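Below: the structure, in structure tokens.
The values are calculated or read from the model by the stated rules, or taken from the named source; none is laboratory data. As the structure is a computational prediction, the values presented were derived from the model and not from experiment. Ideal geometry is used to build each Cβ from the backbone, glycine not excepted, and the neighbour counts take in all protein chains shown.
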Amino acid sequence: MKQQIEVPGDWDAIATLVAFTDSVEACQPLSQPQSYLMRLVIEEIATNIVKYGYDDANRDIIQLTCSCEGGTLRVTIRDRGRPFDPRAAADPDLSSNDPNQRDLGGLGLFFVREYADSLDYRHDPASGWNELTVVKGQ
């Protein structure tokens, strides 16, 4: 079963997307790790799209599709913001035991990459669409 939502690429939409996960969980047979990853992807990636992909002069939409078939969760998030491949982002420096000595940022993407079974990113220069698909099996 596939569920989809389209929201404006602004801060108010984040709460709508998070609430959407409740409806997905009610209709899809997700495991606890799949539910966790879906929420993490939606919160982290959608927040990064709003914060870094779009700006006040360039606000468009965010499209989200979630499906669970054959025990595999697939989350696809699309936007027309600045292209950014989360697979290419540098891992955060986790060597310091003191969190105050670490650079801010990067942990959310790191956790998404570590927790997902696979990530696929595409940018279509002709249409401007970015598409990230995250997959997690049972």
* To do: Within the range 1-15, track down each residue that is touching a residue at least 40 places away in the same chain (Cβ under 8 Å), farther than 26 Å from Glu69 by Cβ and not acidic (Asp, Glu).
  => Pro8, Gly9, Ala13
* Filter result (without any contact (Cβ under 8 Å) to a residue 60 or more places away in the chain, within 20 Å of Asp117 (Cβ to Cβ) and not in a helix (DSSP H, G or I)) within the range 23-68 -> Gln28, Pro29, Leu30
* To do: Count, please, the residues in the range 45-83 that happen to be modelled with pLDDT under 95, of a type in the set (Asp, Glu) and within 17 Å of Trp129 (Cα to Cα).
  => 1
* Asked: If Ser95 passes every condition in (1) modelled with pLDDT of 90 or more; (2) over 18 Å from Leu119 (Cα atoms) but one, which one does it miss?
  -> (1)
* Return a yes/no flag: does the range 14-31 have any residue that is buried (at least 17 other Cβ atoms within 10 Å of the Cβ), hydroxyl-bearing (Ser, Thr, Tyr), out of contact with any Phe, Trp or Tyr (no Cβ under 6 Å at 6 or more places or on another chain) and farther than 15 Å from Arg78 by Cα. => yes
* Asked: For the range 1-22, what are the residues that are touching a strand residue (DSSP E or B) at 6+ places or on another chain (Cβ under 7 Å), of a type outside the set (A, V, I, L, M) and not in a loop (DSSP other than H, G, I, E, B)?
  -> Lys2, Gln3, Gln4, Glu6, Pro8, Thr16, Phe20
* Asked: Within the group Gly128, Gly106, Gly137, which residue is at pLDDT 90 or above and on the phi > 0 side of the Ramachandran plot?
  -> Gly128
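Just name the residue that is surrounded by the fewest Cβ atoms within 10 Å (Cβ to Cβ) out of those in the range 112-131 that are of a type in the set (S, T, N, Q) and in contact with a strand residue (DSSP E or B) (Cβ under 7 Å, 6 or more places away or on another chain). Don't jump to the end; show me each part of the working.
Residues of the range 112-131 that are of a type in the set (S, T, N, Q), as a first pass: 118, 127, 130.
Filter once more, so that each one left must be in contact with a strand residue (DSSP E or B) (Cβ under 7 Å, 6 or more places away or on another chain): 118, 130.
Values: Ser118: 13, Asn130: 20.
If we take residues in the range 112-131 being of a type in the set (S, T, N, Q) and in contact with a strand residue (DSSP E or B) (Cβ under 7 Å, 6 or more places away or on another chain), then Ser118 is surrounded by the fewest Cβ atoms within 10 Å (Cβ to Cβ).
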